[in-house]
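Notes for the one structure printed next.
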Amino acid sequence: MSDYSQEKMQMHRKNLSTGEFSRLCKTTKATLFHYEKLGLLKPKNVLGNGYRRYGIEQFFDFDTIAILKETGSSLEEIMQMRDNLDEEKLLKLLEEKKHTLRKERKRLESRETMLGNILDDLREARNLALDRFMVQEMDEEFLKISPVSGDNQENLAESALSYAAYINSDDDNTALRAPFGIILEESVLSGAPYRELFYFSRSGPSTMEKLCKPSGKYLVVAHRGSFISHLNCLKNIGKWCSEHKYNVCGRIYAYDLANFLRPVAIEDYLIKYIIPVTAILE
């Protein structure tokens, strides 16, 4: 006869020690001691030598506690429910827990999407050809946008405050993070001051304004380097368009490729610029 069968027979014949009851419940002795201390689940008997004995039928009590914990109920809430069993209060509490679990599921789904987007960004960054000018046909894309605040946008502290305000506009604090980007004023291509107009993301709160980036012809350039080198890159994009007979016909979409993973002290930003263009007919 196996050890398990023997133990099972013993369980039918007598009350259980703390160790036996913990194995039956698939929990730890420390958990049972904690429940006893709270008065949530006390042993059926405590012998003179201090040894505790649980009745097998107390498994149902433990299982009830385990189920209520799975709903997100605290031990204090479980104690209150068991001490003052009120069906209306119980119904209300479990409805609240159901709502909480739905919110948690939405939060986890959002984080899973964010992680997938970050992985896509990192894979793209590994294979991206830098400082290569490519004109491509692109499909339309819907973006959630938020105006950029702050006047001195070339100041890192001002940018940090502006970005924090953008991220904190989302209660979940994840939907806005990736893929993340900035819409720039196109005049920067001709040497005008650097000006950020909007932050954007492919997902975000329903309260955010939606923008359609239309299908069409776009110039795509990826650059990696310091902020100053990116300003020079933007000027070079303007020169390239002029030399190759392309008109810039809209604002610049600057896609951030997981730069938040890099230490802020290291000025090494990887950005993919997407600029709507049309060929100049001669």
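For the reader, a short list of remarks on this structure follows.
- For segment 77-118, a residue qualifies if it is within 30 Å of Val220 (Cβ to Cβ) and either more than 13 Å from the chain's Cα centre (by Cα) or open to solvent by less than 50 Å² (accessible area, probe 1.4 Å) (or both), and the qualifying residues are Ser110, Met114, Gly116, Asn117, Ile118.
- Leu40 under 32 Å from the mean Cα position of the chain (by Cα) and either free of Cβ contacts under 8 Å to residues at least 60 places away in the same chain or surrounded by 12 or more Cβ atoms within 10 Å (Cβ to Cβ) (or both): no
- Evaluation of Leu143 against (1) of a type outside the set (Gly, Ala, Ser); (2) surrounded by 15 or more Cβ atoms within 10 Å (Cβ to Cβ); (3) at pLDDT below 85; (4) within 19 Å of the chain's Cα centre (by Cα) (one fails), failing number: (3)
- Leading residue by the ranking (nearest to Leu94 (Cα to Cα)) among those in segment 12-69 that are in a helix (DSSP H, G or I) and of a type in the set (Val, Ile, Thr): Ile67
- Residue count for segment 174-223, restricted to those that are part of a strand (DSSP E or B) and modelled with pLDDT under 85: 3
- Of all residues in segment 218-246, none satisfies the criterion of being surrounded by fewer than 18 Cβ atoms within 10 Å (Cβ to Cβ), closer than 20 Å to Met138 by Cβ and in contact with a Cys (Cβ under 9 Å, 6 or more places away or on another chain).
The values are calculated or read from the model by the stated rules, or taken from the named source; none is laboratory data. Just so it is clear, the structure is predicted and the values come from calculations on it, not from any experiment. Ideal geometry is used to build each Cβ from the backbone, glycine not excepted, and the neighbour counts take in all protein chains shown. Note: areas computed on protein heavy atoms with side chains; ligands, DNA, RNA excluded. Shrake-Rupley method; radii C 1.70, N 1.55, O 1.52, S 1.80 Å.
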